[in-house]
1. Condition check: over 24 Å from VAL91 (Cα atoms) and part of a helix (DSSP H, G or I). Does ASP246 satisfy that?
2. Determine which single condition VAL61 fails, assuming it passes every other condition in (1) of a type in the set (A, V, I, L, M); (2) under 16 Å from the mean Cα position of the chain (by Cα); (3) closer than 22 Å to ILE221 by Cα; (4) at pLDDT 95 or above.
3. Given LEU120, LEU132, LEU203, LEU156, which one is at pLDDT 90 or above, over 30 Å from LEU275 (Cβ atoms) and under 25 Å from the mean Cα position of the chain (by Cα)?
4. In this structure, does GLY139 turn out to be part of a loop (DSSP other than H, G, I, E, B) and either crowded, with 17+ Cβ neighbours inside 10 Å or at positive phi (or both)?
5. Being surrounded by fewer than 20 Cβ atoms within 10 Å (Cβ to Cβ) and part of a strand (DSSP E or B) narrows it down to one residue among PRO255, PRO230; which is it?
6. Scanning for something within 21 Å of PRO185 (Cα to Cα), touching a Ser or Thr at 6+ places or on another chain (Cβ under 7 Å) and at pLDDT 95 or above, does the stretch 92-115 turn up at least one residue?
7. Among the numbered conditions (1) at pLDDT 95 or above; (2) part of a strand (DSSP E or B), tell me where LEU35 comes up short.
8. Being modelled with pLDDT of 95 or more, in contact with a Leu (Cβ under 8 Å, 6 or more places away or on another chain) and of a type outside the set (Phe, Trp, Tyr) is true for just one of VAL188, VAL161, VAL179. Which residue is that?
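The values are calculated or read from the model by the stated rules, or taken from the named source; none is laboratory data. This structure is a prediction, so every number in the text was calculated from the model and none was measured. Every residue, glycine among them, receives a Cβ derived from its backbone with ideal geometry; neighbour counts consider all protein chains shown.
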Amino acid sequence: MKVSAEAARRFLVARQFLAPARSLRGGTKAVREVLRRLGSLQFDPLAVAGRNHDLVLHARVAGYEADWSDRLYKQRAIFEAFNKGLSLVLVEEFPWFRGNLLRHAPRLLAENAEVAERVLERVRADGPLSALDFERVRGTTTDWFGMPTNTVRDVLEAYAVTGVLGLARRDGTRRYYDVLDRLLPAAVLAQQIPLEDQLRYKLLSRHRAHGLLGLGSGNDILSGLGPARPDPRWPGYRGRNALRQDLIDRGELVPVDVEGVRGKRLVLRDELALLDAPPEPPASVAFLPPFDPLVWDRPLLQNLFGFEYVWELFFPPEKRRWGWYVLPILFRDRFVGRIEPRIDGAGAAVEILGVWWEDDFAPRRADGFVDAMREALAAYLRFAGATRVVWAPHLRAEKRLYASGA
């Protein structure tokens with residue numbers, strides 16, 4: 001099947017519930033609908049502009065409020081599991097996400113066996129507990145910069161990654177862990193699925209999340225699924241390529257050629273009809289977070305959308321071209337710019353620190369854009385629980401053009 005670039009772009013925004021943005025209705029039912037389509041939502045605790053999963057949902061669900069996902073978590077309708085990073089999944093899908101081939105967490109538990117045993121016994125007896133409920137332990141664990149960390153906290157996180165403990169609740173940035181038996185239904189925990197079947201399902205979930213991943217998608221997109229080919233360090237594992245071929249042979253994934261994009265792309269069998277005749281996207285604007293599945297595949301963004309997206313969070317300020325926590329701006333089926341919002345909860349305000357437009361995009365001349373941008377800003381203001389927008393001084397032109405909508 002050969003697909004034009006325009007059809008591929010329209011297909012992606014339509015199957016991502018972004019044509020138009022914020023089109024799903026139904027409150028928490030709509031949240032579950034997004035999870036059923038995308039398989040999982042990547043979690044990131046940074047809340048500068050909103051947490052990643054909240055921003056993903058805000059872009060797709062009308063009137064989304066951050067406590068909707070928290071409410072579903074308390075009801076045990078969704079749960080945390082390791083997929084592409086720490087992610088939220090529907091509880092009924094949790095058995096397919098318990099296993100992984102990550103080696104760091106088991107190694108950390110083995111290297112700190114005494115602490116790990118003591119922590120697990122205490123959680124079983126007294127849980128749910130946070131790292132602050134234990135005496136701090138400094139062992140062999142370090143952070144990205146080589147500084148010693150609290151081994152108890154690292155042990156708790158490792159137990160969560162390996163499926164021994166789960167997150168009972170969050171209190172701000174503090175996490176409380178408990179044994180899974182007390183957190184999830186017995187029928188869910190009783191399902192024992194072979195590891196290879198889990199990994200194949202998780203691989204399929206990455207294709208569910210994006211919609212048009214390629215045969216050569218990067219390791220960051222496929223993290224936690226082990227090597228592409230058999231490797232003696234993972235004895236008995238056939239590798240990701242073999243699992244992907246299983247999905248192709250079964251017809252669950254179908255290879256397609258996209259105009260202007262090198263290599264085969266894979267589409268879900270059930271979405272072939274949409275790819276063949278995607279609808280024209282109406283005028284709407286969405287602000288997408290750094291871990292939104294639509295922006296996972298950076299080379300595809302460049303080749304298909306002509307958009308370069310680099311998350312500059314870890315860049316020193318003098319090397320940033322845009323900003324610290326910048327969100328791509330999607331209009332219809334094109335990425336037209338970037339925006340850097342910051343939520344000031346204490347001041348009930350949204351601060352707009354920067355806006356950058358693509359060189360070939362003129363906001364005033366794009367049919368329907370100004371009104372769509374105003375609507376997006378107004379929706380974001382409601383999502384942030386704010387009453388006003390504060391524009392940086394150098395954004396006087398943007399303030400005049402869009403302030404009436406926010």
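1. Working: over 24 Å from VAL91 (Cα atoms): yes; part of a helix (DSSP H, G or I): yes.
It is true that ASP246 is over 24 Å from VAL91 (Cα atoms) and part of a helix (DSSP H, G or I).
2. The number of the failed condition is (3).
3. Details: LEU120 fails: under 25 Å from the mean Cα position of the chain (by Cα); LEU132 fails: under 25 Å from the mean Cα position of the chain (by Cα); LEU203 fails: over 30 Å from LEU275 (Cβ atoms).
On inspection, the qualifying residue turns out to be LEU156.
4. It is false that GLY139 is part of a loop (DSSP other than H, G, I, E, B) and either crowded, with 17+ Cβ neighbours inside 10 Å or at positive phi (or both).
5. Details: PRO230 fails: part of a strand (DSSP E or B).
Among PRO255, PRO230, only PRO255 is surrounded by fewer than 20 Cβ atoms within 10 Å (Cβ to Cβ) and part of a strand (DSSP E or B).
6. no
7. Only one criterion in (1) at pLDDT 95 or above; (2) part of a strand (DSSP E or B) is unmet by LEU35, namely (2).
8. After ruling out the rest, the residue left standing is VAL179.
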